[in-house]
Amino acid sequence: MRKIIVFEHLSLDGVIQAPSGKDEDLSNQFEQGGWTASFQHPEIGQIIRGWMHEDCSLLLGRTTYEQWSSYWPLHADIWPAADRAMKYVATPHERPVLWQPTTYLKHPISELERLKQQDGPPFHVWGSSQLVHALFQADLIDELRLITYPVIIGSGKRLFPDQGMIPLTWDVMEERTFPNGVSVVRYERK
């Protein structure tokens with residue numbers, strides 16, 4: 001059985017929007033992009049690079065896929081696993097394939113319920129807030145890897161949906177806190 005693993009940069013108030021760059025995601029007039037920059041730490045980068053080198057299939061929302069398809073193929077030397085991974089994109093509308101190999105999921109929840117039963121690498125979800133909300137609501141997430149930063153953003157897309165969440169319990173499998181206040185925690189579904 002394949003697992004769905006969600007990776008997120010998270011503020012204390014649950015914001016996941018545009019952690020890496022000022023212009024990463026300007027939707028809803030978000031002006032706080034790049035809020036993780038002042039917390040960079042070599043060991044945090046090492047943890048993230050380790051995750052990036054795991055064998056996986058990428059599971060992405062349409063917006064994340066479109067952003068990444070113009071960046072990561074040009075930087076395959078940094079993240080070779082992403083370039084060779086199957087990219088599953090949750091979108092109700094067929095779109096041009098921008099990054100090979102790609103498969104579109106028109107009905108992501110039912111298709112993922114089926115795909116999870118097959119053999120294959122885990123699905124890695126990065127960003128993709130709307131998709132993550134749908135996965136939470138369908139209870140399809142098996143693992144969370146959260147990098148939490150000691151900052152309150154105040155507005156922006158959040159990790160947890162405002163409505164439709166079912167009670168979920170998680171076990172802490174690994175955790176590490178850095179001197180700059182950033183914590184990296186891996187949770188598995190209880």
Checklist outcome for this item: Being surrounded by 15 or more Cβ atoms within 10 Å (Cβ to Cβ) and not polar (S, T, N, Q) narrows Leu98, Leu12, Leu74, Leu60 down to just Leu60
Checklist entry - among the hydrophobic types (A, V, I, L, M, F, W, C), within 15 Å of the chain's Cα centre (by Cα) and closer than 20 Å to Ser11 by Cβ - does that describe any residue in the stretch 153-162? => result yes
Next on the checklist: Every residue in the stretch 146-175 that is under 15 Å from Ile47 (Cβ atoms), surrounded by 13 or more Cβ atoms within 10 Å (Cβ to Cβ) and out of contact with any Gly (no Cβ under 8 Å at 6 or more places or on another chain), please.
Outcome noted: Leu146, Ile147, Thr148
Checklist entry - So which residues in the stretch 26-65 are closer than 20 Å to Arg145 by Cβ, among the charged types (D, E, K, R) and part of a loop (DSSP other than H, G, I, E, B), if there are any at all? => result Glu54, Asp55
Item to check | Any hit, the stretch 166-175, residues being at pLDDT below 95, at negative phi, among the β-branched types (Val, Ile, Thr) and more than 18 Å from the chain's Cα centre (by Cα) | outcome: yes
Checklist entry - Across the stretch 15-42, what is the number of residues that are surrounded by 12 or more Cβ atoms within 10 Å (Cβ to Cβ) and acidic (Asp, Glu)? => result 2
Checklist entry - Can you pull out the helices (runs of 4 or more DSSP H) entirely within the stretch 77-164 that have at least 1 residues that are among the small types (Gly, Ala, Ser) and without any contact (Cβ under 8 Å) to a residue 40 or more places away in the chain? => result 80-84, 108-115
Checklist outcome for this item: Residues in the stretch 34-73 that are touching a residue at least 24 places away in the same chain (Cβ under 8 Å), under 20 Å from Ala18 (Cβ atoms) and not aliphatic (A, V, I, L, M) total 16
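The values are calculated or read from the model by the stated rules, or taken from the named source; none is laboratory data. Quick caveat: nothing in here was measured; it's all calculated off a predicted structure. Positions of Cβ are generated from backbone atoms using ideal geometry, with glycine treated the same way; all protein chains shown enter the neighbour counts.
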